[in-house]
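Chemist: Quick one: this structure, given as structure tokens, is what I'll be asking you about.
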Amino acid sequence: MRILATVLLAVISHGCAAQTPAGPAAPAQVSVQVNLAKSQGPYKPIGSWFGYDESNLTTTRNGRQLLREMHDLSPVPVYVRAHHLFTSGDGSAPLKWSSSNVFTLDAAGKPIYDFKILDGIFDAYRDAGVRPMVELGFMPKDLATGTGPYYVPYPKTLDGSVQTPPKDYAMWGELVRRVTEHLVQRYSKAEVATWYFEVWNEPDIAYWKGTPAGYFKLYDYSVAGVRKALPNAIVGGPATTGPGGERAITFLTDFLNHCANDKSAATGSAVPLNFISFHPKGSPRLIAASPDAPAHVRMGLSNELNAAANGFRTVAASAKYHDLPIILSEADPEGCAACSAKENPANAYRNGPLYPSYTAAAMKALLDLAAESKVNLIGMVTWAFEFEGKQYFEGFRTLATNSVDKPVLNVFRMAGLFSGDRVATTSSAQVRVEEMVKAGVRSQASDVDAFATKAAHEAAVMLWNYHDDDLPAASAPVTVTITGFPVGVHKVLLEHYRIDDTHSNAFTAWKAMGSPQDPTPEQYAQLKASGQLQTITSPEWLDITAGSLTLAIDLPRQATSLLHLQW
């Protein structure tokens, strides 16, 4: 395994050598049709949601800078979710850990509330113009029931008593009330009423060392505390894993039944629920070298989509909650942002254009699956931020490395150009979503597909050439035909943005420099520029002929394009 990992990292770091066998054949001529006149309903910006384990990274210089960039991705509000907002500690941020020390008990057992660290985190959100998705967790040390160590360092962070139930549920509910009350006083009732309050994280696994019934009780006391301070607060959960299998499906189903049918353990009245959350994840693997292909990463898109489909069906089956908003409060290619590619070479997809093309394909598939189940998907939280004190492009699941933006951030910049209504697209080389759920994108041909929107005076068409297997292949020749322009439109301004090996890709630029870990100021400036979203050509005015526009595009494997049209 160590030899195989070394081989793969060498391929990723230096590119595929000339003798590397070709990967799956690209499609022949691909035809993409976009009909701007055929609306499929208002566009939902599900990609404007992000999250991370280490809430204390929020207040670092790099963290503040990245938050501002996240705000600037999109004209719609960007929401941010982070772990450890209630955890005890000194405010440091080792991997998968942070703390606010918001709650302690004095010698007499009386609560002491300290908002200093928490204020720094939420002030940074306010200053950047992003909105919090407030995750109510984890258990303060003086409230935790666990008898073992409170904090256990990475990679065994789920072994600590920080994930145990409270000694006193009423005291926990009062903590939640006091925190919510403080947020309302500091940031205004109207502002906090636009935030989302989510109870805990993944209570169906070791993040909650209690029973399902214990979590339902925690939920009751949590939402009661929030609503006591802010009666119109948006509250929800249960932020479970998957649901990839029966255990997680059962937990989600039982939670919905609890909210629908039981009385609150905290108030004796109905249990409030405004949104439903769960966490579909993919599962990349390292594929050993064979006579036909070198060692390479194979993504697990089908795992993520299958879990999402299970969750959507579970919500759709609820008589009371089938119309509630769904937030996938973690939705990623795999489950550990802090596990680097050095530890697990299957994570090597994170630095290059594969990650954004996967994300583009996943966003469309998730929206299609939600429409198929007739549920209301509003958010897909990308669990990626930044880490401090790490090497450049070390292989963590991040949006930036040492304040140099990675290619994946640019797919969200592309999505920020969507507006208005989603419109109909078809492709001769698309992989049907049913096939993606069952087997991902692993046939000979890749998924060459599109997603498009139209507003009053503009349209945006995203194209991608995605395959689960990260292998070299010939580019796909794509003909894009766009019809349905408004009457009287005879010319459009085209801006063609691209993410591939040579565009919007600081990783390629860094490798071309010799992979410096101490870049010169000139090199750093070049890396910063290379990390921005770039056009593949100069903007150009094009004629509309007979109400139609046809474009010929060469789309490399794992590349993503965004055609932005204005008139």
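The values are calculated or read from the model by the stated rules, or taken from the named source; none is laboratory data. Owing to the predicted nature of the structure, the values given are computational and were not obtained by experimental measurement. Positions of Cβ are generated from backbone atoms using ideal geometry, with glycine treated the same way; all protein chains shown enter the neighbour counts.
Chemist: With respect to Pro272, determine if the residue is over 23 Å from Arg432 (Cα atoms), crowded, with 18+ Cβ neighbours inside 10 Å, of a type outside the set (Ser, Thr, Tyr) and modelled with pLDDT under 95.
Modeler: On the way: over 23 Å from Arg432 (Cα atoms): yes; crowded, with 18+ Cβ neighbours inside 10 Å: yes; of a type outside the set (Ser, Thr, Tyr): yes; modelled with pLDDT under 95: no.
Considered against the rule, which asks whether it is over 23 Å from Arg432 (Cα atoms), crowded, with 18+ Cβ neighbours inside 10 Å, of a type outside the set (Ser, Thr, Tyr) and modelled with pLDDT under 95, Pro272 comes out as no.
Chemist: With (1) at pLDDT 95 or above; (2) surrounded by fewer than 20 Cβ atoms within 10 Å (Cβ to Cβ) as the list, and Ile46 as the residue in question, which single condition is left unmet?
Modeler: Looking at each condition in turn, Ile46 falls short on (2).
Chemist: Here is a further query. Return the only residue of Ser318, Ser329 being over 23 Å from Leu527 (Cα atoms), surrounded by fewer than 20 Cβ atoms within 10 Å (Cβ to Cβ), hydroxyl-bearing (Ser, Thr, Tyr) and in contact (Cβ under 8 Å) with a residue 24 or more places away in the chain. Quick ask: steps written out before the conclusion?
Modeler: Working: Ser329 fails: surrounded by fewer than 20 Cβ atoms within 10 Å (Cβ to Cβ).
Among Ser318, Ser329, only Ser318 is over 23 Å from Leu527 (Cα atoms), surrounded by fewer than 20 Cβ atoms within 10 Å (Cβ to Cβ), hydroxyl-bearing (Ser, Thr, Tyr) and in contact (Cβ under 8 Å) with a residue 24 or more places away in the chain.
Chemist: Taking the residues in the range 454-465 that are surrounded by fewer than 24 Cβ atoms within 10 Å (Cβ to Cβ) and in contact (Cβ under 8 Å) with a residue 60 or more places away in the chain as candidates, determine which candidate is nearest to Gln558 (Cα to Cα).
Modeler: Step one: of the range 454-465, the residues surrounded by fewer than 24 Cβ atoms within 10 Å (Cβ to Cβ) are 455-458.
Restricting the remaining residues to those that are in contact (Cβ under 8 Å) with a residue 60 or more places away in the chain gives 457-458.
Details: His457: 30, Glu458: 26 Å.
In this case the residue turns out to be Glu458.
Chemist: Restricting attention to the range 517-537, report how many residues are small (Gly, Ala, Ser) and out of contact with any strand residue (DSSP E or B) (no Cβ under 9 Å at 6 or more places or on another chain).
Modeler: Applying the first criterion (small (Gly, Ala, Ser)) to the range 517-537 yields 525, 529-531.
This time we only want the ones that are out of contact with any strand residue (DSSP E or B) (no Cβ under 9 Å at 6 or more places or on another chain), so: 525, 529.
Looking only at that region, the number is 2.
Chemist: Looking at the range 49-77, which of the residues that are of a type in the set (D, E, K, R) and over 14 Å from the mean Cα position of the chain (by Cα) is surrounded by the most Cβ atoms within 10 Å (Cβ to Cβ)? Step through it out loud before you land on a result.
Modeler: First, pick out the residues of the range 49-77 that are of a type in the set (D, E, K, R): 53-54, 61, 64, 68-69, 72.
Going one step further and asking which of them are over 14 Å from the mean Cα position of the chain (by Cα), we end up with 54, 61, 64, 68-69, 72.
Values: Glu54: 25, Arg61: 9, Arg64: 15, Arg68: 14, Glu69: 19, Asp72: 13.
That would be Glu54.
Chemist: Find the residue count for the range 124-162, including only residues that are under 17 Å from Arg81 (Cβ atoms) and not in a loop (DSSP other than H, G, I, E, B). Break it down into steps so the answer makes sense when it comes.
Modeler: Taking the range 124-162 as the starting set, the residues that turn out to be under 17 Å from Arg81 (Cβ atoms) are 124-126, 128-138.
When the remaining residues are screened for being not in a loop (DSSP other than H, G, I, E, B), the result is 124-126, 128, 131-136.
The qualifying residues number 10.
Chemist: Of the residues in the range 206-222, how many are outside any helix (DSSP H, G or I) and among the charged types (D, E, K, R)? Steps first, please.
Modeler: Here is the first cut: in the range 206-222, the ones outside any helix (DSSP H, G or I) are 206-211.
From what is left, the residues that are among the charged types (D, E, K, R) are 209.
Total satisfying the criteria: 1.
Chemist: Only residues that are surrounded by 20 or more Cβ atoms within 10 Å (Cβ to Cβ) and in a strand (DSSP E or B): list them for the range 352-384, please.
Modeler: Within the range 352-384, Leu377, Gly379, Met380, Val381, Thr382, Trp383 qualify.
Chemist: Another question about this same structure. Val80 passes all but one of (1) surrounded by 23 or more Cβ atoms within 10 Å (Cβ to Cβ); (2) of a type in the set (A, V, I, L, M, F, W, C); (3) touching a helix residue (DSSP H, G or I) at 6+ places or on another chain (Cβ under 7 Å); (4) over 20 Å from Val226 (Cβ atoms); which number fails?
Modeler: Checking Val80 against (1) surrounded by 23 or more Cβ atoms within 10 Å (Cβ to Cβ); (2) of a type in the set (A, V, I, L, M, F, W, C); (3) touching a helix residue (DSSP H, G or I) at 6+ places or on another chain (Cβ under 7 Å); (4) over 20 Å from Val226 (Cβ atoms), the one that fails is (4).
Chemist: Restricting to the range 337-347, name every residue that is farther than 23 Å from Val431 by Cβ and either part of a helix (DSSP H, G or I) or among the β-branched types (Val, Ile, Thr) (or both).
Modeler: Looking only at the range 337-347, we keep the residues that are farther than 23 Å from Val431 by Cβ, and these are 337-345, 347.
Those that are farther than 23 Å from Val431 by Cβ and either part of a helix (DSSP H, G or I) or among the β-branched types (Val, Ile, Thr) (or both): Pro345, Asn347.
Chemist: Given the criteria touching an Asp or Glu at 6+ places or on another chain (Cβ under 7 Å) and either touching a residue at least 40 places away in the same chain (Cβ under 8 Å) or outside any loop (DSSP other than H, G, I, E, B) (or both), does Leu73 qualify? Lay out the reasoning, then the answer.
Modeler: On the way: touching an Asp or Glu at 6+ places or on another chain (Cβ under 7 Å): no; either touching a residue at least 40 places away in the same chain (Cβ under 8 Å) or outside any loop (DSSP other than H, G, I, E, B) (or both): yes.
Taking the combined requirement at face value, the residue does not satisfy it.
Chemist: Same structure, new question: When you scan the range 538-564, how many residues do you find that are at pLDDT 95 or above and either of a type in the set (Ser, Thr, Tyr) or under 29 Å from the mean Cα position of the chain (by Cα) (or both)?
Modeler: Step one: filter the range 538-564 for residues at pLDDT 95 or above, giving 538-544, 548-564.
Then keep just the ones that are either of a type in the set (Ser, Thr, Tyr) or under 29 Å from the mean Cα position of the chain (by Cα) (or both); that gives 538, 548, 550, 553-564.
Number of matching residues: 15.
Chemist: Same structure again: Does the range 85-95 include one or more residues that are acidic (Asp, Glu), surrounded by fewer than 20 Cβ atoms within 10 Å (Cβ to Cβ) and under 20 Å from the mean Cα position of the chain (by Cα)?
Modeler: Residues of the range 85-95 acidic (Asp, Glu): 90.
After this cut, where a residue has to be surrounded by fewer than 20 Cβ atoms within 10 Å (Cβ to Cβ) as well, the list is 90.
Now drop any that are not under 20 Å from the mean Cα position of the chain (by Cα), which leaves none.
No, there is no match, as no residue in the range 85-95 is acidic (Asp, Glu), surrounded by fewer than 20 Cβ atoms within 10 Å (Cβ to Cβ) and under 20 Å from the mean Cα position of the chain (by Cα).
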